[in-house]
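Okay, structure first, notes after.
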Amino acid sequence: MKSIKMLLLLASAVATGAYTQQGGLTDMSKSKYAKMANTDLGAVTWTDGFWGDRFAVCRDTMVLNMWKTWNTPEVSHGFRNFEIAAGVCPGEHWAPPFHDGDVYKWLEGVASVYAVTKDPKLDELMDHVIKHISEAQREDGYIHTPVIIEEKNQGIDTHSHAHQQTVIGTKVGGEDEKGAFANRLNFETYNLGHLMMAGIVHHRATGKTTLLETAIKATDFLCYFYETATAELARNAICPSHYMGVVEMYRTTGNPRYLELSKNLIDIRGMVENGTDDNQDRVPFRN
């Protein structure tokens, strides 16, 4: 019964604008066309009932068990790939190319739980993971562990300022396309979208900018890429979570370059021929 009352009160407050906040999952407080606004991430707690039970499972079991999976290389290289890319240990990349994005999305979930619980152990865990993510990032802002690990193992200096001009869309090792953004099915931009949202939610939950700064550098790289890439390289990328990420980055930072990038991404999507269900781009978005 308490949960039902909370839902009714919350629905009333949000609909009337009583909770026009900037710390929610999305920040629509300055969106002039928005009819509703989010509550802050930690403004509402589930006391009992179905959702109270589900949140308890997430808080007490889910996020920590997922971390055990990410942090056990024999089971998953989700975190080990970042350790290798950061130079903490040697090794080869292993796992699907979208695992970076899975780790980012898990991290966003941890931040969301932390916003409610303020558990210092979760804060410490996030700091640990974020440190390795930031150290894995290239000097130019690019981050995708399959490419970075390949570069490191070939002796390429990923922290060189000249690096950005030499590796976009190239083939590494003379094999299949492995350079930055060389293969539209490599989930790079999908991963970056999840990094953006993880950085934003972590910042709103903790007040820290550590992951947000990494996300800003990655978004700046993405802007540079789309501003300079050939039409072939700029073709639509699989699973476009970065559309949402870029818009929320604009809302968070106020950088108009990000809003312009979101428009360009939609324009590029509209030019795709023979679209797929993966990207939902069979029909131009504006249609």
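Between their Cα atoms, which of LYS30/LYS121; LYS152/LYS263; LYS105/LYS263; LYS118/LYS152; LYS68/LYS208 are more than 32 Å away from each other?
Cα-Cα > 32 Å for LYS30/LYS121; LYS152/LYS263; LYS118/LYS152; rest within.
Rounded to whole numbers, the Karplus 3J(HN,Hα) couplings from phi for segment 249-264 are 5, 5, 4, 7, 9, x, 6, x, 4, 6, 5, 5, 4, 4, 5, 5 Hz, using 6.51 cos²θ - 1.76 cosθ + 1.60 with θ = phi - 60°, and x at Gly and Pro.
Relative contact order (percent) for the chain, with alpha-carbon contacts under 8 angstrom and 6 or more residues of separation?
Relative contact order comes out at 14 percent.
What is the ratio of the Cα radius of gyration of the chain to 2.2 N^0.38 Å, with N the residue count, to two decimals?
Normalised Rg, Cα atoms only: 1.05.
In the context of the full set of protein chains, residues of the chain present 51 Å² of accessible surface per residue (probe radius 1.4 Å, heavy atoms only).
Cα centroids of segment 76-136 and segment 242-287: 26 Å apart.
For the chain, the share of accessible area belonging to carbon and sulfur comes to 55 percent (1.4 Å probe, ligands and nucleic acids excluded). Over the Cα atoms of segment 60-154, each weighted equally, I'd like the Debye log10 I(q)/I(0) at q = 0.22 Å⁻¹, rounded to two decimals. After summing over all Cα pairs, the log10 values are -1.11.
Per 0.36 nm of contour for each residue apart, how much would the distance between THR276 and LYS35 grow if the chain were fully extended, relative to their Cα-Cα spacing? All intermediate terms of the calculation are to be shown ahead of the outcome.
Values: separation 241, 0.36 × 241 = 86.76 nm, distance 3.22 nm.
Result: 83.5 nm gained on full extension.
The residue among ALA231, TYR190, ALA85 whose Cα reaches farthest toward the positive pole of the charge dipole of the chain, with charges on the beta-carbon of Lys, Arg, Asp and Glu, is TYR190.
The solvent-accessible area of LYS118, taken with every protein chain present and a 1.4 Å probe, is close to 110 Å². Taken about its Cα centre, segment 217-273 carries a charge dipole of about 160 debye when Lys and Arg each add +1 at the Cβ and Asp and Glu each add -1 at the Cβ. Where only DSSP H runs of four or more residues are counted, the chain gives -16500 deg cm²/dmol as its mean residue ellipticity at 222 nm, each run worth -39500 (n - 2.57).
Under Stokes-Einstein, with the Kirkwood radius over Cα pairs standing in for Rh, what whole-number D in µm²/s applies to segment 53-109 at 37 °C and 0.692 mPa s? Spell out each step's value before the answer.
Details: Rh = 12.1 Å.
The Stokes-Einstein estimate is 272 µm²/s.
Rounded to the nearest angstrom and listed largest first, the equivalent-ellipsoid semi-axes of segment 184-262 from its Cα gyration tensor are 22, 13, 10. Note on ASP48/VAL75: beta-carbon distance plugged into 1/(1 + (r/R0)^6) with R0 of 35 Å gives a FRET efficiency of 0.55. About its Cα centre, the chain has a charge dipole of approximately 1200 debye under the convention of +1 per Lys or Arg Cβ and -1 per Asp or Glu Cβ, with nothing else charged. What is the calculated FRET efficiency for THR209 to VAL283, with r their C-beta to C-beta distance and R₀ = 51 Å, to the nearest 0.05? For R0 = 51 Å, the calculated efficiency reads 0.85.
Tell me which of VAL103, VAL116, VAL129 sits at the most positive position along the dipole axis of segment 86-146, charges placed on C-beta atoms (Lys, Arg +1; Asp, Glu -1). Ranked along the dipole, the leading option is VAL116.
The values are calculated or read from the model by the stated rules, or taken from the named source; none is laboratory data. Computed from a predicted structure; not experimentally measured. Methodologically, a virtual Cβ is constructed for each residue, glycine included, from the backbone with ideal geometry; neighbour enumeration extends over all protein chains shown. The accessibility values were calculated without ligands, DNA or RNA, using every heavy atom of the protein model including side chains. Shrake-Rupley method; radii C 1.70, N 1.55, O 1.52, S 1.80 Å.
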